[in-house]
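Here's the structure we're looking at; comments come further down.
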Amino acid sequence: MGTYRIVALPGDGVGPEVMEAGLRVLQAVERRFGHRFLVEEDLVGGACIDRYGVAIRPETVTRCRGAHAVLLAAVGGPKWDDPKARVRPEQGLLALRKGLGLFANLRPVKVYPFLVSASTLRPEVLEGVDMVVVRELTGGIYFGRPQRQWQSRRGRQAVDTLRYSEHEIRRILKMGFELARARRKRLTSVDKANILESSRLWRAIAMEMAQEYPDVELRHMLVDACAMHLIRRPADFDVIVTENMFGDILTDEAAMLAGSMGMLPSASLGRRRRDGTGLGLYEPVHGSAPDIAGQDVANPLAMILSVALMLRHSLGLPQEAAAVERAVEEVLRAGYRTMDIAHEGSMVVGTQRMGELVAWALEEG
Ligand code: IPM
Ligand code: MG
């Protein structure tokens, strides 16, 4: 039984609704297992811009740094979308990733047998899909300098910089190898080593590190080939490890295997303590979905499953995490669906009702 400090950042669009459902499930964990979760809410994204003129305040980042874990729902929306704007909601997310040293983004993709019909792919392709994409999150072209636009005599020009250090590559590959070791022991390292120097360094380091993990089968795959294989034979993948932007693109693709983004959680992790736990930020893969915001129809399961990841990776409560995941499966198996994953014969429920159902299943289970 423990006491844990958690910062909740509901953000924009459907964020507050799915966060409410997620926190309801967290309270159910509290009651069933006798823990105490001290949840503090704060602002991020457009909500923070409207109130304070910045996407996140420094004191919020400090508060997050002092917590056991951070839950974030979603940021962004058309209101703050002007590409010329100096302040954008996404900056809040990037500031958190960088400010908390969250260099590894884990995105598990699991296809639930009773949800295969929600995917655009054929059921036989989806059978047995169960993978985790480990994406580098604080380096590469997202953060490399110089990054700017300027006026030249031949018109406007722009530059972004893709830079990686050995240290950054090693720590993310380590995360990939260790995760693979704890799963089916297959690691696919994705790069563009036929073109990019940074990828050649990445691949060389992966090959060196493979010596330390003789039990893990390491494959290298070019990112374009990976994009193809992800929809051709997705069940072949166990753990994929890749750099920041490749990971951004591949995780959206991988998300579609599961039918709806509304099902997929993610964990952003920094340095781990010896017991494997450490600060982390947990958020659904989906965005703020402004078109359905405020209607109580958004799927809260990605947020709820993010709570499970938090219990496992930051609080060191694997049984509690598994209980949440089981409760979600139970509710789905009973036939309850939010609109995005509904099919003939399912019982369509709203965001808050789905949260209540999972909370009940958890407390009874
Ligand atoms: C993601 C998102 C973010 C990213 C945006 C919102 C900054 O697409 O988490 O994948 O590009 O990393
Ligand atoms: Mg993305």
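Just to check I understand the Karplus step: with θ = phi - 60° and J = 6.51 cos²θ - 1.76 cosθ + 1.60, what whole-Hz values come out for segment 88-98, glycine and proline as x?
For segment 88-98, the Karplus-derived couplings read 10, x, 4, 4, x, 5, 5, 5, 5, 4, 6 Hz, x marking Gly and Pro.
Return the sequence-ordered ³J(HN,Hα) values of segment 310-322 in whole Hz as given by the Karplus equation 6.51 cos²θ - 1.76 cosθ + 1.60 applied to θ = phi - 60°, using x for Gly and Pro.
Listing the rounded values in order: 4, 4, 6, 8, 10, 9, x, 10, x, 5, 5, 4, 5 Hz.
With a 10 Å radius around each residue's Cβ, average the other Cβ atoms per peptide and rank 353-361, 14-22, 97-105, highest first.
Details: 353-361: 22.0, 14-22: 26.6, 97-105: 20.3.
Top to bottom by mean Cβ count within 10 Å: 14-22, 353-361, 97-105.
Can you give the local net charge around Gly45? Use residues other than it whose beta-carbon is closer than 14 angstrom to its beta-carbon, Lys and Arg +1, Asp and Glu -1.
-2
Extent of segment 29-139 along each principal axis, from alpha carbon coordinates, in Å, largest to smallest?
Computed over the Cα atoms, the extents are 50, 46, 27 Å.
DSSP beta bridges in the chain, what fraction antiparallel, as a percent rounded to 5?
Close to 40 percent.
Count charges around Leu279 for me, please; just the other residues with Cβ under 9 Å from its Cβ, Lys/Arg as +1, Asp/Glu as -1.
Working: positive: Arg65, Arg271; negative: none.
Taking every other residue near Leu279 into account, the sum is +2.
Taking every Cα atom in segment 116-163, find the radius of gyration and the maximum pairwise distance Dmax, and write them in Å.
20.3, 56
If packing is taken as the mean number of other Cβ atoms within 10 Å per residue, what is the order of 139-150, 300-311, highest first?
The peptides rank, most packed first, as 300-311, 139-150.
When the Cα centres of segment 116-154 and segment 173-215 are compared, how far apart do they sit, in Å?
18 Å
What per residue convex hull volume, in Å³, do the alpha-carbon atoms of segment 259-365 yield?
Cα convex hull per residue, to the nearest whole number: 99 Å³.
In whole Å, what are the Cα extents of segment 173-294 along the three principal axes, biggest one first?
52, 37, 27
When you count, for each residue, the other Cβ atoms within 10 Å and take the mean per peptide, how do 108-121, 30-43 rank with the highest first?
108-121, 30-43
Whole percent per 10 Å bin, from 0 to the bin with the longest distance: what is P(r) over all C-alpha pairs of the chain?
5, 24, 33, 27, 10, 1, 0, 0
Straight-line reach only, C-alpha to C-alpha below 27 angstrom: list the lysines that Lys192 could link to, leaving out same-chain residues fewer than 8 apart.
Output for Lys192: Lys98, Lys110, Lys174.
Between Arg154 and Arg5, what FRET efficiency comes out of the Förster formula 1/(1 + (r/R0)^6) with R0 = 51 Å and r the beta carbon distance, rounded to 0.05?
0.40
For segment 85-172, state the average projected area of the convex hull of the C-alpha atoms over all orientations, rounded to one decimal in nm². Show your work: numbers first, answer last.
Values: hull surface 40.0 nm².
Mean shadow area of the hull around the Cα atoms is 10.0 nm².
Bear in mind that the values in this text are calculations on the coordinates, not laboratory data. Here the structure is a predicted model, which is why all the values come from computation and not from measurement. FYI the Cβ positions are ideal-geometry reconstructions off the backbone, even for glycines, and counts take in every protein chain you see.
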